[in-house]
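Below you'll find the structure, written out as C-alpha cells, and then a few comments.
The values are calculated or read from the model by the stated rules, or taken from the named source; none is laboratory data. Worth saying up front: this structure is predicted, and the values here are computed from it rather than measured. A quick note on method: Cβ atoms are made from the backbone with ideal geometry, for glycine too, and the neighbour counts reach across all protein chains shown. Just so you know, the surface numbers come from the protein's heavy atoms only, side chains and all, with ligands and any DNA or RNA stripped out. Shrake-Rupley method; radii C 1.70, N 1.55, O 1.52, S 1.80 Å.
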Amino acid sequence: METSLFLAEKGLLIVGILFILAGMVQYGRRSHDWKGVVTMFYKRVPMNVSEYKRYRLGVALVIAAIVIRFVFHIFWPQF
C-alpha cells in the first residue's frame, strides 16, 4: 500500500507539472507573449479553452499529489 501511494504521488506530480508546462507553452506559441507565461501565476492572461483545460488539469493533479502526500504522512509517519 505504501509503495502504491508513493508511486501515485510521484506520478501525479510529474504528470501535473507536465500538463501545466504544456498549457503554458501552448499559450506562448499561440500568443507569442512569452512574458505572459511568466505572469500567468499571479495575473490573468487570455487563454483559450484548450490551454485553460490543460493548465487547470495540471493544477488539479498537483493538488491531488499534495493530498496523497499528506495521507501518506498521516498513516505512515516513519517514511
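Do we find a residue being outside any helix (DSSP H, G or I) and polar (S, T, N, Q) anywhere in the stretch 41-52? Within the stretch 41-52, one or more residues are outside any helix (DSSP H, G or I) and polar (S, T, N, Q). Among residues of the stretch 54-76 that are among the charged types (D, E, K, R), those with a beta-carbon under 6 Å from a residue that is part of a helix (DSSP H, G or I) at least six positions away or on a different chain give the pairs ARG54/PHE19; ARG54/ALA22; ARG54/GLY23; ARG69/GLU9. If the condition is being within 13 Å of the chain's Cα centre (by Cα) and open to solvent by less than 40 Å² (accessible area, probe 1.4 Å), then the stretch 60-79 contributes LEU61, VAL62, ALA64, ALA65.
Condition check ((1) touching a Phe, Trp or Tyr at 6+ places or on another chain (Cβ under 9 Å); (2) among the acidic types (Asp, Glu); (3) surrounded by fewer than 13 Cβ atoms within 10 Å (Cβ to Cβ); (4) closer than 30 Å to VAL71 by Cβ) across all residues:
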| site | (1), (2), (3), (4) |
| --- | --- |
| GLY16 | no, no, no, yes |
| ILE20 | yes, no, no, yes |
| GLY36 | yes, no, no, no |
| PHE41 | no, no, yes, yes |
| SER50 | no, no, no, no |
